[in-house]
Amino acid sequence: MKIARFKVEEWFNKYEKDAIYDLADTCVESLSTDELLTLCGNKEKYLEEIFGQKLNYGHIHGSPRLKNGIADLYTCQRPENITITHGAIGANHLVYLTLVEPDDKVVSIVPTYQQHYSIPKSFGANVEMLFLKEENNWLPDLNELEKLVGTNTKLISLNNPNNPTGSVIPDEMMNGIIEIAKKSNAYILCDEVYRGLNHNGNPFSTSVADIYEKGISTGSMSKVFSLAGLRLGWIAANEDIINKINSQREYNTISVGILDDYFASLAIENKDKIISRNLEKLKIGKKILTDWANSDSNIHLVTPQGGTTAFVRYNKPISSTELCKKLQKETGIMILPGETLELDRYLRIGYGNNFKNLEKALYMFSDWLKKQN
């Protein structure tokens, strides 16, 4: 099987270690083990449980405690509708591995995580891409989507809240996407790793798994819970879909780490504290970001409504790849080029970390950008 090179991850592998100012990070500042246990309270009890835990395989599809906690993140899901994976990256891969066959038609809404078009392509699927547009506030055009989907699409993939743009699909629009999917009896895979970080109102967007029989939600501990090091994710879908996925899962996942399962369970049980912490941090970072964008005539920003990243356009005649290479070499500032996400002349910036460095680096970038011809 041949698959395209994973441009975003290769960029991180090549440039992250040398960055002085990392503006490409997509996580809210990660929690340490001590911070997590302190935030949850009753630290001594948890430490006793951790040190007493035998490091066996644990529950194959995830512990009842963890699956019950994840089910509570939805309105209509039960533990039977959940399976636990090695991160959302493992969850997405398992969905495609289970459902997509050669010559199937897949429609992927981009920009998004590259898994959502490169993996189905590698399986021999006919992949059509619907590009989001800045002038539509990075929300899908449903007329264009309907034309692409037609009546013979196997699966539609999207990301909500969206990485990299931070757009959040309103409920009415999500219902419209579902109606389009129904015309071809298509599955909808919604990568919801940023669900829980909406900036206004309820931090949790309506999940496609809760409102569509063939809706599949993937999530993880990385973004919303600031615990990327656990490498733990999940899939939520109707029980028939989960059973099919679990048949594939047996070949690549025995179980997740038993301590990962424990820490994830604990974090989800204390989700309100963690999400409140993270939304406060994002509020600070977002103000720094928007104040900077408003001060620089070479930058245009559609204000993100969710998640941890923004997609900014710049007004200089240089490709995003060359810009980011040159920027990091000359200033130590790491930004992700839009070309790695299939849209040139844009840059993805994360704003959930190290706010002093964030502010300093953004204005350094503006000064540097002014000098580019």
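Here are some conditions: (1) at pLDDT 95 or above; (2) surrounded by fewer than 21 Cβ atoms within 10 Å (Cβ to Cβ). Residue 252 meets all but one. Which one does it not meet?
The single condition residue 252 does not satisfy is (1).
Give me the pairs, please: first residue somewhere in the stretch 1-30 and within 12 Å of residue 349 (Cα to Cα), second residue anywhere and outside any loop (DSSP other than H, G, I, E, B) and among the polar types (S, T, N, Q), beta-carbon distance under 6 Å, and either six or more positions apart or on two chains.
Matching pairs, first to second residue: 21/357; 26/309.
Is it true that residue 260 is in contact (Cβ under 8 Å) with a residue 12 or more places away in the chain and in a helix (DSSP H, G or I)?
Yes.
Hey, could you check the stretch 344-373 for residues that are assigned to a loop (DSSP other than H, G, I, E, B) and in contact (Cβ under 8 Å) with a residue 24 or more places away in the chain and say which is surrounded by the fewest Cβ atoms within 10 Å (Cβ to Cβ)?
373
If you check residue 229 against the conditions, is it small (Gly, Ala, Ser) and in a helix (DSSP H, G or I)?
yes
Taking the conditions exactly as written (open to solvent by 20 Å² or more (accessible area, probe 1.4 Å) and touching a Ser or Thr at 6+ places or on another chain (Cβ under 7 Å)), does residue 136 satisfy them or not?
No, not satisfied.
Take residue 328 and decide whether it is touching a residue at least 12 places away in the same chain (Cβ under 8 Å), open to solvent by 30 Å² or more (accessible area, probe 1.4 Å) and more than 30 Å from residue 38 (Cβ to Cβ).
When the stated conditions are applied, residue 328 does not pass them.
Select, from 245, 284, the only residue that is farther than 30 Å from residue 199 by Cβ and in contact with a helix residue (DSSP H, G or I) (Cβ under 6 Å, 6 or more places away or on another chain).
245
Would you mind listing the helices (runs of 4 or more DSSP H) fully within the stretch 16-86 where at least 3 residues are under 25 Å from the mean Cα position of the chain (by Cα) and within 29 Å of residue 203 (Cα to Cα)?
33-40, 64-71
Filter the stretch 222-242 down to residues that are out of contact with any Ser or Thr (no Cβ under 9 Å at 6 or more places or on another chain) and under 19 Å from residue 98 (Cα atoms) and give me whichever is least open to solvent (accessible area, probe 1.4 Å).
238
For the stretch 317-343, name all the residues that are in contact with a strand residue (DSSP E or B) (Cβ under 8 Å, 6 or more places away or on another chain) and outside any helix (DSSP H, G or I).
The answer is 319, 332, 333, 334, 335, 336, 337, 342, 343.
How many residues does the stretch 284-316 contain that are in a helix (DSSP H, G or I), of a type outside the set (S, T, N, Q) and open to solvent by 30 Å² or more (accessible area, probe 1.4 Å)?
Residues flagged as in a helix (DSSP H, G or I), of a type outside the set (S, T, N, Q) and open to solvent by 30 Å² or more (accessible area, probe 1.4 Å) within the stretch 284-316 amount to 4.
Pull up the stretch 101-119, narrow it to residues that are under 18 Å from residue 184 (Cα atoms) and under 21 Å from the mean Cα position of the chain (by Cα), then point me to the one that is surrounded by the fewest Cβ atoms within 10 Å (Cβ to Cβ).
Per the criteria, the residue is 109.
Which residue pairs have Cβ atoms under 7 Å apart, sit 6 or more places apart or on different chains, and have a first residue in the stretch 195-210 that is open to solvent by 50 Å² or more (accessible area, probe 1.4 Å) and a second that is part of a loop (DSSP other than H, G, I, E, B)?
If the second residue must be part of a loop (DSSP other than H, G, I, E, B), the pairs left are 200/305.
Restricting to the stretch 99-116, count the residues that are closer than 22 Å to residue 222 by Cβ and part of a helix (DSSP H, G or I).
The qualifying residues number 2.
Tell me, yes or no, whether the stretch 148-165 has at least one residue that is assigned to a helix (DSSP H, G or I), farther than 30 Å from residue 29 by Cβ and touching a Leu at 6+ places or on another chain (Cβ under 7 Å).
For the stretch 148-165, residues assigned to a helix (DSSP H, G or I), farther than 30 Å from residue 29 by Cβ and touching a Leu at 6+ places or on another chain (Cβ under 7 Å): present.
Filter the stretch 1-15 down to residues that are assigned to a loop (DSSP other than H, G, I, E, B) and not aromatic (Phe, Trp, Tyr) and give me whichever is farthest from residue 102 (Cα to Cα).
By that ranking, first place goes to 5.
Please work out which residue is surrounded by the fewest Cβ atoms within 10 Å (Cβ to Cβ), limiting yourself to the stretch 41-69 and to residues that are closer than 27 Å to residue 235 by Cα and basic (Lys, Arg).
Filtering the stretch 41-69 for residues that are closer than 27 Å to residue 235 by Cα and basic (Lys, Arg), the one surrounded by the fewest Cβ atoms within 10 Å (Cβ to Cβ) comes out as 54.
Give 265, 247 a once-over and let me know the one that is of a type in the set (S, T, N, Q) and in contact with a Ser or Thr (Cβ under 7 Å, 6 or more places away or on another chain).
None of the others qualify; the one that does is 265.
The values are calculated or read from the model by the stated rules, or taken from the named source; none is laboratory data. Please read all numbers here as calculations on a predicted model, not as lab measurements. Positions of Cβ are generated from backbone atoms using ideal geometry, with glycine treated the same way; all protein chains shown enter the neighbour counts. Each accessible area value is taken on the protein alone, full model and side chains, heavy atoms only, with ligands, DNA and RNA left out. Shrake-Rupley method; radii C 1.70, N 1.55, O 1.52, S 1.80 Å.
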